[in-house]
């Protein structure tokens with residue numbers, strides 16, 4: 001697994017649900033996070049732009065939270081897709097998940113100008129809900145640990161109340 | 001308390017620690033979050049730009065996590081500043097905090113084009129560490145609840161390893 005992600009689940013999100021600032025392939029101003037399988041683990045690579053600083057030299061924690069968030073929903077979608085018999089890149093629309101909860105422990109300051117790798121393990125806790133356990137590395141350094149609980153997007157999410 | 005925040009703790013961060021993408025007053029490309037007191041509660045107002053979408057019509061969860069993150073470190077700084085006898089706007093440098101952990105429960109989808117208000121209660125758990133309990137409202141709607149644990153920035157944070 002390199003920084004290139006050939007098949008990402010975000011490529012298979014329905015068009016109208018592909019505008020997420022974090023991971024929507026149609027939101028060109030966003031981060032364009034892409035999440036795929038590496039064996040039975042999920043992976044998202046990202047090298048943040050310099051503007052995403054906490055203090056100069058270190059990555060902004062909100063960027064890491066954002067990466068973990070979309071990695072979590074993407075991992076949940078990957079897991080449900082595989083459970084249904086599909087892999088990303090096969091042209092089958094994937095289920096879109098939303099985040100129910102996001103927990104991030106910042107282990108150590110995250111250096112800038114270093115590719116970040118989020119590695120996740122999705123765990124089914126309900127047929128429509130997954131808990132994704134994630135570690136974020138900068139090079140070999142474990143910088144953050146996170147747990148995201150993601151649920152299949154409810155119909156109520158499709159129109160503002 | 002209106003959307004105008006006259007005295008924000010971020011105005012009193014040291015110059016070299018005021019480049020945070022979320023709340024650094026010197027990072028003009030960032031969100032420029034500003035956090036101040038409303039009685040014994042802390043408040044951050046923010047209306048996200050349209051680009052920060054989850055799906056069209058709703059705010060990106062990573063933006064909410066970012067807002068809560070900086071609101072948390074700002075609230076901790078406000079609390080320590082007050083404990084030391086100071087209020088923002090008095091020209092006394094405030095302590096800069098970093099996030100140890102960030103927990104966000106997304107209660108309901110957050111509508112766009114609506115001012116968001118984070119309201120926090122800082123709780124001292126150690127002389128250099130505060131737990132900040134926060135609620136995020138869009139208008140009258142409670143959209144997210146969060147707990148941030150923030151610690152005074154260690155010296156090791158000032159240079160990349």
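The values are calculated or read from the model by the stated rules, or taken from the named source; none is laboratory data. Owing to the predicted nature of the structure, the values given are computational and were not obtained by experimental measurement. Here Cβ is always computed from backbone atoms with ideal geometry, including for glycine, and neighbour counts include all displayed protein chains.
Every residue, every condition in (1) within 13 Å of chain B (Cβ to nearest Cβ); (2) surrounded by fewer than 20 Cβ atoms within 10 Å (Cβ to Cβ); (3) part of a loop (DSSP other than H, G, I, E, B), yes or no:
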position: A:90; (1), (2), (3): no, yes, yes
position: A:99; (1), (2), (3): yes, no, no
position: A:102; (1), (2), (3): yes, no, no
position: A:109; (1), (2), (3): yes, no, yes
position: A:120; (1), (2), (3): no, no, no
position: A:124; (1), (2), (3): no, yes, no
position: A:133; (1), (2), (3): no, yes, no
position: A:143; (1), (2), (3): yes, no, no
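I need a count of the residues in region B:68-88 that are more than 8 Å from chain A (Cβ to nearest Cβ), outside any loop (DSSP other than H, G, I, E, B) and touching a strand residue (DSSP E or B) at 6+ places or on another chain (Cβ under 8 Å).
13
Going by the conditions given, is residue A:66 surrounded by 24 or more Cβ atoms within 10 Å (Cβ to Cβ) and modelled with pLDDT of 95 or more?
When the stated conditions are applied, residue A:66 passes them.
Can you confirm whether region B:81-98 contains a residue that is touching a helix residue (DSSP H, G or I) at 6+ places or on another chain (Cβ under 9 Å) and closer than 29 Å to residue A:98 by Cα? Walk me through how you get there before you give the answer.
Step one: filter region B:81-98 for residues touching a helix residue (DSSP H, G or I) at 6+ places or on another chain (Cβ under 9 Å), giving B:81, B:86-98.
Still in the list and also closer than 29 Å to residue A:98 by Cα: B:98.
Looking through region B:81-98, at least one residue is touching a helix residue (DSSP H, G or I) at 6+ places or on another chain (Cβ under 9 Å) and closer than 29 Å to residue A:98 by Cα.
Does at least one position in region A:153-160 carry a residue that is part of a strand (DSSP E or B), touching a strand residue (DSSP E or B) at 6+ places or on another chain (Cβ under 6 Å), within 13 Å of another protein chain (Cβ to nearest Cβ) and touching a residue at least 12 places away in the same chain (Cβ under 8 Å)?
Within region A:153-160 (the criterion being part of a strand (DSSP E or B), touching a strand residue (DSSP E or B) at 6+ places or on another chain (Cβ under 6 Å), within 13 Å of another protein chain (Cβ to nearest Cβ) and touching a residue at least 12 places away in the same chain (Cβ under 8 Å)), the answer is no, since none of the residues qualifies.
Give me the residue from region A:4-25 that is in a helix (DSSP H, G or I) and either buried (at least 23 other Cβ atoms within 10 Å of the Cβ) or touching a helix residue (DSSP H, G or I) at 6+ places or on another chain (Cβ under 9 Å) (or both) and, out of that set, nearest to the other protein chains (Cβ to nearest Cβ).
Keep residues of region A:4-25 that are in a helix (DSSP H, G or I), which gives A:9-12, A:15-17.
Then keep just the ones that are either buried (at least 23 other Cβ atoms within 10 Å of the Cβ) or touching a helix residue (DSSP H, G or I) at 6+ places or on another chain (Cβ under 9 Å) (or both); that gives A:9-10, A:12, A:16-17.
Working: A:9: 16, A:10: 13, A:12: 16, A:16: 7, A:17: 5 Å.
Selected residue: A:17.
Looking at B:47, B:53, can you tell me which residue is within 30 Å of residue A:98 (Cα to Cα) and more than 9 Å from chain A (Cβ to nearest Cβ)?
The conditions single out B:47.
Kindly provide the set of residues from region A:56-66 that are within 19 Å of residue A:33 (Cβ to Cβ) and facing chain B (nearest Cβ under 8 Å), ordered by number.
Scanning region A:56-66 gives A:60, A:61, A:62, A:63, A:65, A:66.
Look through region B:33-44, keep the residues that are assigned to a loop (DSSP other than H, G, I, E, B) and more than 13 Å from every other protein chain (Cβ to nearest Cβ), and return whichever of them is surrounded by the fewest Cβ atoms within 10 Å (Cβ to Cβ).
That would be B:39.
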